[in-house]
Every structure is written in C-alpha cells, then in structure tokens.
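*Asks:* One structure is given below, represented as structure tokens, and several questions about it will come after.
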Amino acid sequence: MTAQKSVSATPYLELCSILRDAATLGSISALLNWDQETYMPPAGSAARADQQSLMAALVHQRRTDPRVGELLAKVEGDKSLTSDPDSETARNIVEMRREYDLATKLPTDLVAELAKTTSLAQEAWKAAREASDFAQFAPWLERVMALTRRKAECYGVPAGGELYDALLDEYEPGMSAREVEAIFAPLRPRLAGLVAAIATSSKQLDRAVLRKAVPAAQQTEWCMAVLKAIGFDLEAGRLDVTTHPFCSGLAPGDTRLTFRHKTESFLEPLYGVLHEAGHGMYEQGLPKSKHFGEPLADAISLGIHESQSRMWENFVGRSREFWSWAFPIARRTLAPHLDGMDEATMHRAANLVTPSFIRVEADEATYNLHIMLRFGLERGLVSGALPVRDLPGEWNKTFKQFLGLDVPDDRRGCLQDVHWSFGLVGYFPTYTLGNLYAAQFWETINQQIPDLNARMGRGDFAALKQWLNTNIHACGKRWRAAELCRRVTGKALSADPLMRHLEGRLKPLYGI
Ligand code: ZN
C-alpha cells in the first residue's frame, strides 16, 4: 500500500507509475514473443496470436490513457521539473510527450488498416519473393506506401522538412532525410572506390577455409566462451537458438539473445552472437532498475542501438587483436576442425570483402552501399518521385552504379527485404548510422583507453565495456543521438571515422 501512496504523491510520480505498468505489460508481450521464436510448439500459434493481440491492446490502452495526457500537461507546466532543460526530469518529460503524441496521433482506423494491410502484404511479399516476381507484390506495396504516407501526415512534417522525416523520426528521433543525405553522399564514392580497389587487388582470400562442417554443440560452446569473455551478464540474460537471430531486452535483469548454428560457416554464428551481444550489453547497461518504463531507461535510437552491436561484431570481432586472443580458444573448442589453420588466415577470412546481392550477407564495407541504395529509393517512394512500378528498374540501375553488379532477378534485388511489407519505411538508414556512430565512438574510445588493442589481445574487454556503460548505456534516452555523439566525441557525426577504420583495416589486408 505504501507504493500506492507514493505514486499518487505527485503528478510526475503517477505518470512514471502508469508508464512502468505499460512497460511491464510490454515485457510480458516480449516474453511471449521470445517463447514463440524459441520453444513454443507450432500448434500453439493460434492461441499465441490471441495472447499477443490482447497484450498489444493492453499496452496501447495504458500508453494512450487520457490520464497520461492530463498528467503530462501538469508536469510540463511545473517549473520545478522543467526549468533546467538538460535535467533528467525535464528530458524525461520531453521524451514522454513525444511518445504519447506518437501513440495518440494516429486515428484508430488507420492503425487497424495498417495492421491488416501489412499482415496481408507480408504474405504477398513471401509469395512474390519465392516466385521472384515483383508484379505480385507491387499492388501491396502501393497500398502500404499510401498508408505510410497517411501515417507520416498524421505525425506531421517538421518545418522545412519532408514526409520521409516523420517516418525516420520514429526510429532515429531528431534526424532528417537531409542530414542523412549530407552524411551518406560524400561517403558513397569513397566506399565504392575502396570496394573497387579491393575487387581488383591481386591479394584475394581463399574462401574454402571457411567451409567446415562444425557440429552445433561445438559452435554453441565456442560462442558461449566468447559471450562470457566480452562481458555479457549471463546472470541477467540467456542465449538460445532461433532461425532469425535477435536480442530482446525484455525486462530489468532479463535480456535474451538468440543465434543460429550454421554448419557450413562457423564464423557466421560467432558474428551473429557478437552482434546480438552488443545489443544485449546495451540493454543490460540501461538504467532499468531505477527508471523502467521511463525514457531514461530506453535506448536513444535504432542507430545508437546498432552502433553497439556493430562495434562488438566488427570493430572488436574482426580485429587482429581479437583473433590473437580468440583463435587458440576457437582451435580448442572447435577441434579438430581448425587444425592446420592459423590466426592470420582466420583474421583474413573474417575480413573478406566482396560485392554481393543480398544485404544481410554483405561484408562490413559493402554493407553501407546496400543501405544507401535503399535510403534513396524509399525516400523516392514516399515523396512519390519514384512510382512503385518503376522500383525494380531503379533498384537494378542504382545497384549497378553502387556495387558494379547486374541484379539477375527481383528475389536477389528489390524483393529481398521484409521491411517494406511490414510498413517499416525510414528504418534502413539506421543500420549505416549505427556503423558511423560506432566508428566515431571507437576513435574516442581508443584515445581514452590507449592500450585497448593490447587489452583485447589478452581477452580483456572490461575497460571497453565499462566505457560503453558509462558513456553510452547509462544515459538512457537523456540525449538525442546527435547530442550524445557531440558530448562523447566532441564532434558532430561524420563519415570520416568509418572510412579511416575501413581503410586502416582493409588496405593492408588486401595490399592496396
Ligand atoms: Zn542489429
């Protein structure tokens, strides 16, 4: 009863309490989802859909409760909470307002229409991809795009901005298409130049070294050894097996990671685990025990979330120092499959760069070109400058220009990603923003922990994890991504650190 008394003590505390309840309901829903992806028997799917739909309604009810609106108006007018705009409470209130507006701005009929259309569009997309026939998906993409434009109009276009900004803002608050463009445009020719130089280099990697049939149990043992060493807290998290790897920071003290075995490439599971563990350590580092349900306990943006996963996957996991430490462990846990292989070969194998058609299989360098392609196209689809019927032609033309390859069919072209069928428009840029933030943070980290390389070579990742906990994770949503970047690195986000990282690592490996 004491808790009840204290929550009603002030409007601010009452607001936090309602949002905490909404987050608790959300965590139950996330647990149902995790179970569905891991252990639920197939016959449970109909009941699970009912459970999920009820949970979604309960969460939405709490978040859009008119009481939240009343309390927000009260706390916004309370100078003792908001007079210092940088204070925790003031920042919390600004982000609570943003989330409330996002949740309440869409009319119910539009939400229902979007849910129904995207669920049918996903089925149409699966069939179209299977048949590699864009024409089957085109009418659905038209419908999704029309609804997406309506959604953006409801959110509202920022002054001087475009419709796309309203969509991007859902995933990367405060970022505009023009800002993304300003960072991507100079990066593209530099990346394309590096990729082209690598492709024509006389030093190429023999890919056969990667093809080893390593049993699943050994892959798990190896991935668990790395997961423990880098500092993912297994008292507050788990690693399980799924078809599509993901991370769910579902509740305070409970972060779930998943990965998949791959018998023909033992590196893929490792990099999957490092990636998800980066997301997972961010979730574990957020101040959830104190602020669960409040923006202060939430991730800043998808871009910042992705910066954490890419940092562990690429900046740490593909470095020479990582392999100095990890290779002997790999040899032991994966024995006898790595017999005859050495550390240098492994490091080269981990840094193979080669243009390919599928984004999710792309390497660290070409990956961003895949994203830039999608960003330009979806921006055109939203503005109407690119009619849906012209998408495949435009995709193939731009792909050739960016990656130098002729797309053979729609399955390996514009039908490969699930995002648009889900109505996820404005999402793609966050992947490359993640790489860019990771690179810029990485330079600062190396200045502040000058012996980081030596530490990694010994398998000592504690200082790195501590730095991320203090400088990124503990902030929650206190700062927007651009502000965090400026505070942490002293500079605005730039393409230079990523180019320096890629050139510094790849040029020596490829002798260019
Ligand atoms: Zn990720």
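*Asks:* Report, ordered by the first and then the second residue, all pairs with beta carbons closer than 6 Å, sequence separation of six or more or different chains, a first member in the stretch 380-391 that is assigned to a helix (DSSP H, G or I), and a second member that is modelled with pLDDT of 95 or more and not charged (D, E, K, R).
*Replies:* GLY380/LEU386; LEU381/MET145; VAL382/LEU163; VAL382/TYR164; VAL388/ALA138; VAL388/LEU141; LEU391/CYS414
*Asks:* Please go through the stretch 450-476 and give me each residue that is among the aliphatic types (A, V, I, L, M) and within 30 Å of PRO295 (Cα to Cα), ordered by number.
*Replies:* ALA462, ALA463, LEU464, LEU468, ILE472, ALA474
*Asks:* Look at SER17 and say whether it is closer than 30 Å to VAL144 by Cβ, at pLDDT 90 or above and buried (at least 16 other Cβ atoms within 10 Å of the Cβ).
*Replies:* Judged against the criteria, SER17 is not a match.
*Asks:* Here's a follow-up. Are any of the residues in the stretch 341-352 surrounded by fewer than 18 Cβ atoms within 10 Å (Cβ to Cβ), of a type in the set (Ser, Thr, Tyr) and over 18 Å from GLU181 (Cα atoms)?
*Replies:* Yes, the stretch 341-352 contains at least one residue that is surrounded by fewer than 18 Cβ atoms within 10 Å (Cβ to Cβ), of a type in the set (Ser, Thr, Tyr) and over 18 Å from GLU181 (Cα atoms).
*Asks:* Consider the stretch 309-325. How many of its residues are near the ligand (Cβ under 10 Å from one of its atoms) and in contact (Cβ under 8 Å) with a residue 60 or more places away in the chain?
*Replies:* So the answer is 2.
*Asks:* Quick one: is LEU352 more than 16 Å from the ligand (Cβ to nearest atom), within 19 Å of VAL316 (Cα to Cα), part of a loop (DSSP other than H, G, I, E, B) and in the same structural domain as LEU191 (by TED's automatic domain parsing)? Give the steps one after another, and end with the answer.
*Replies:* Details: more than 16 Å from the ligand (Cβ to nearest atom): yes; within 19 Å of VAL316 (Cα to Cα): yes; part of a loop (DSSP other than H, G, I, E, B): yes; in the same structural domain as LEU191 (by TED's automatic domain parsing): yes.
Criteria met by LEU352.
*Asks:* Could you check, for the stretch 457-475, whether at least one of its residues is closer than 25 Å to ALA197 by Cβ, within 16 Å of the ligand (Cβ to nearest atom) and part of a helix (DSSP H, G or I)?
*Replies:* There is no residue in the stretch 457-475 that is closer than 25 Å to ALA197 by Cβ, within 16 Å of the ligand (Cβ to nearest atom) and part of a helix (DSSP H, G or I).
*Asks:* I'm checking my understanding of the structure. Among residues of the stretch 210-250 that are outside any helix (DSSP H, G or I) and polar (S, T, N, Q), which one is farthest from the ligand (Cβ to nearest atom)?
*Replies:* Looking only at the stretch 210-250, we keep the residues that are outside any helix (DSSP H, G or I), and these are 211-215, 231-250.
Among the residues that remain, those that are also polar (S, T, N, Q) are: 242-243, 248.
Details: THR242: 14, THR243: 16, SER248: 12 Å.
Out of the qualifying residues, it is THR243.
*Asks:* Scanning the stretch 286-308 for residues that are away from the ligand (no atom under 16 Å from the Cβ) and among the small types (Gly, Ala, Ser), which turns out farthest from GLY426 (Cα to Cα)?
*Replies:* Looking at residues that are away from the ligand (no atom under 16 Å from the Cβ) and among the small types (Gly, Ala, Ser), I get SER289.
*Asks:* Any idea which of GLU306, GLU276, GLU364, GLU283 is in a loop (DSSP other than H, G, I, E, B), closer than 26 Å to ASP169 by Cα and not assigned by TED's automatic domain parsing to the domain that holds ARG63?
*Replies:* GLU364
*Asks:* Moving on to the next point. For the stretch 251-265, which positions are surrounded by fewer than 23 Cβ atoms within 10 Å (Cβ to Cβ) and either within 18 Å of MET346 (Cα to Cα) or within 16 Å of the ligand (Cβ to nearest atom) (or both)? So that I can check it myself, show each step before the final result.
*Replies:* Of the stretch 251-265, the ones surrounded by fewer than 23 Cβ atoms within 10 Å (Cβ to Cβ) are 251-254, 258, 260-265.
Of everything in the stretch 251-265, those that are surrounded by fewer than 23 Cβ atoms within 10 Å (Cβ to Cβ) and either within 18 Å of MET346 (Cα to Cα) or within 16 Å of the ligand (Cβ to nearest atom) (or both) turn out to be THR258, ARG260, LYS262, THR263, GLU264, SER265.
*Asks:* Looking for something touching a Phe, Trp or Tyr at 6+ places or on another chain (Cβ under 9 Å), closer than 23 Å to THR258 by Cα, assigned to a helix (DSSP H, G or I) and at pLDDT below 95 - is there at least one such residue anywhere in the stretch 44-59?
*Replies:* Scanning the stretch 44-59 turns up no residue that is touching a Phe, Trp or Tyr at 6+ places or on another chain (Cβ under 9 Å), closer than 23 Å to THR258 by Cα, assigned to a helix (DSSP H, G or I) and at pLDDT below 95.
*Asks:* Please specify each residue of the stretch 476-512 satisfying the condition of being on the phi > 0 side of the Ramachandran plot and either part of a helix (DSSP H, G or I) or surrounded by fewer than 18 Cβ atoms within 10 Å (Cβ to Cβ) (or both).
*Replies:* Initially, the stretch 476-512 is screened for residues on the phi > 0 side of the Ramachandran plot, giving 476, 490, 511.
Hits for the stretch 476-512 are GLY490, GLY511.
*Asks:* Among the residues of the stretch 432-449 satisfying the criterion of being within 13 Å of the ligand (Cβ to nearest atom) and closer than 11 Å to ALA481 by Cβ, which is nearest to the chain's Cα centre (by Cα)?
*Replies:* Filtering first and then ranking leaves GLY434.
*Asks:* Say whether the condition of being within 18 Å of the chain's Cα centre (by Cα), on the phi > 0 side of the Ramachandran plot and modelled with pLDDT of 95 or more is met by at least one residue in the stretch 424-431.
*Replies:* So the first thing to find is which residues in the stretch 424-431 are within 18 Å of the chain's Cα centre (by Cα), and the list is 424-431.
Subsequent filtering for residues that are on the phi > 0 side of the Ramachandran plot retains 426.
Cutting the leftovers down to modelled with pLDDT of 95 or more gives us 426.
Checked the stretch 424-431: at least one residue is within 18 Å of the chain's Cα centre (by Cα), on the phi > 0 side of the Ramachandran plot and modelled with pLDDT of 95 or more.
The values are calculated or read from the model by the stated rules, or taken from the named source; none is laboratory data. This is a predicted model, so every value here is computed, not measured. A quick note on method: Cβ atoms are made from the backbone with ideal geometry, for glycine too, and the neighbour counts reach across all protein chains shown.
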